[in-house]
1. When ranked by the protection proxy of mean other Cβ atoms within 10 Å per residue, highest first, what sequence do the peptides 145-158, 84-97 form?
2. Assign one of three labels to the stretch 109-165, namely rounded, prolate or oblate, based on the Cα gyration tensor with a ≥ b ≥ c the square roots of its eigenvalues; rounded applies when a/c is under 1.5, prolate when it is not and a/b is larger than b/c, and oblate otherwise.
3. Using the structure shown, select from LYS118/LYS170; LYS26/LYS95; LYS32/LYS118; LYS95/LYS170 the pairs with a Cα to Cα distance greater than 28 angstrom.
Amino acid sequence: MVDCAEEKVDWDAIFSSDTEDEDAAKAKLQKKVAEATTLKEEGNALLQKGFVSEAATVYRRALAAVWAPYRQRQDRDAVAAGVAADLNLALCHLKLEAWEQARRCAGRALEVEPCNAKGLYRRGVACSRLELLDAAEADLAAAAQLQPGAADLRKELAAVRARLQRVKGKDRALPRGFLEAAADGGDTCEEKKCEPQEPEEEKNDEPEEAEWAVTEQV
């Protein structure tokens, strides 16, 4: 049996140990944030030189450095570094025409900053290329409210709205029995061929070149 009266607990040592552990954890986190910041700057330099794939690789390393505290919202600086890395990755994916990846990266950043104009714009462009026109319009319209002077943004939004109008107009013009015929295996190829296509110059635009959508996250 333990004699509780005689057992002594060195509380000072216990609390001192806890404090040392906390300090070590903070120092480790600060090191990770510094690493992510350095990597972001390296990625920015690569992207400005046109090395998009290489920049994306560096941004992924920056994101990995702060992934856990970023996703768990544990530290303000880590979250800011994660948002910057995700937004820059979204930019790279847009340039590489990896639309789904761009949408996911921008979406993660928007979970933290729902009113981030760059995030809204880049996700909107990705949704547009994925033919998610309603989602694209919502994001681009929100970005336009935040950045009303961005000409490229207004152009992208106008193009999406025009495509939406054509799609909705076509849906209203479908003959009765069309859906039933399609379900029975009817030939709808002609209908598909007649779908309005996005003008080539819109597909090849680099909308992220505007001043407000530069690479580096502020």
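1. On the way: 145-158: 15.7, 84-97: 24.1.
Descending mean neighbour count gives 84-97, 145-158.
2. Details: a/c = 2.20, a/b = 1.27, b/c = 1.72.
Oblate shape, in that a/c is at least 1.5 and b/c is the bigger or equal ratio.
3. Details: LYS118/LYS170 32 Å; LYS26/LYS95 36 Å; LYS32/LYS118 25 Å; LYS95/LYS170 31 Å.
Over 28 Å apart, Cα to Cα: LYS118/LYS170; LYS26/LYS95; LYS95/LYS170.
Every read-out reported here was derived from the displayed coordinates using simple, explicitly stated rules and does not represent laboratory data. Values in this document were obtained by computation on a predicted structure and should not be read as measured data. Neighbour counts are summed over all protein chains in view; Cβ atoms, including those assigned to glycine, are modelled from backbone coordinates with ideal geometry.
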